[in-house]
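Every number here is computed from the coordinates shown, using simple stated rules; none is lab data. Please read all numbers here as calculations on a predicted model, not as lab measurements. Cβ coordinates were reconstructed from backbone atoms using ideal geometry, including for glycine residues, and neighbour counts include every protein chain displayed.
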Amino acid sequence: SRELARRQIDSFDLDTLDAILTNAGGCGSHLKTYGHLLHEDPLYAARARVWDRKVKDIHEWLVQTGIRTPDIPVEKQEVTYHESCHLCHGQKVVNQPRQVLKAIPGLVLKELPESNWCCGSAGIYNITQPEQSAKLLLRKVENIKQTGAPTVATSNPGCHLQLQNGLGGCASVTQPVTLLAEAYRKESGAKN
């Protein structure tokens, strides 16, 4: 892990970057710990601390820099949001994904009961503890159905796959930034 962190740091010119963005809760959670991981390394400790300060979840960055609201509303779309454990508990990024979703005109955010409860993916938990994972997924799916939203947004690939498998076809799963990008594309298509 330390060797991979060193290689990652070496592949970026940290002095020229405002931020290093990640859109996966689990990956971002680890990327933000290079300072701790390399704290005893005389060649990398200082650079790793700079790295940690610059790594941002995409939602953090969009809120920090100011999300531009799309000019054209999307057709009314109800969405609920599942918080990735790594994003909300690990990175403490909770409100920003909701702010991204709320910036999309026409999108209606329906709060998910127990939104910050694990869906059962948890890295490889769904492989190592399949029975408990299935129980967590069932509880999550029931809560999603309770919202009535046809779309679930989440910010971690493991959660995305877990939810997609658990929901079957009763709701689609996507990323908040994907919904924002779709709104921007609709806007640019209308201007042409």
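Of the cross-linked pairs K32/K110; K56/K186; K32/K76; K56/K110; K92/K145; K56/K140, those separated by over 32 Å at the C-alpha level are K32/K76. For the chain, the longest principal axis of the Cα atoms and the long axis of helix 176-191 meet at an angle of about 70 degrees.
In order along the stretch 99-106, phi translates into HN-Hα couplings of 5, 4, 5, 5, 6, 8, x, x Hz, rounded to whole numbers, per the Karplus curve 6.51 cos²θ - 1.76 cosθ + 1.60 with θ = phi - 60° and x for Gly and Pro. Taking 0.36 nm per residue of sequence separation and removing the Cα-Cα distance, the R53/A19 pair yields an extension gain of 11.4 nm. Computed from Cα atoms, the angle from the helix 157-167 axis to the main principal axis of the chain rounds to 20 degrees. At the listed q of 0.16, 0.17 Å⁻¹, the Debye profile of the chain, built from one uniform point per Cα, gives log10 I(q)/I(0) equal to -1.01, -1.09. Database remark: amide H of N156 closer than 5 angstrom to the amide H of G25 (H placed geometrically; neighbours at sequence offset of 5 or more, or on other chains; Pro and chain starts carry no H). Relative protection proxy for 158-165, 145-152, from highest mean packing down: 158-165, 145-152 (other beta-carbon atoms within 10 angstrom). Volume per residue of the convex hull around the Cα atoms, evaluated for the stretch 86-134, comes out as 94 Å³.
Here V94 and Q8 are evaluated by their C-beta separation; at R0 = 25 Å the FRET efficiency comes out at 0.45. Backbone amide hydrogens, once placed in the peptide plane, bring E78 within less than 5 Å of V108, excluding anything fewer than 5 places away on its chain.
Given axes a ≥ b ≥ c from the Cα gyration tensor, I'd like to know whether the stretch 95-192 is rounded (a/c under 1.5), prolate (a/b larger than b/c) or oblate. Prolate, since a/c reaches 1.5 and a/b exceeds b/c.
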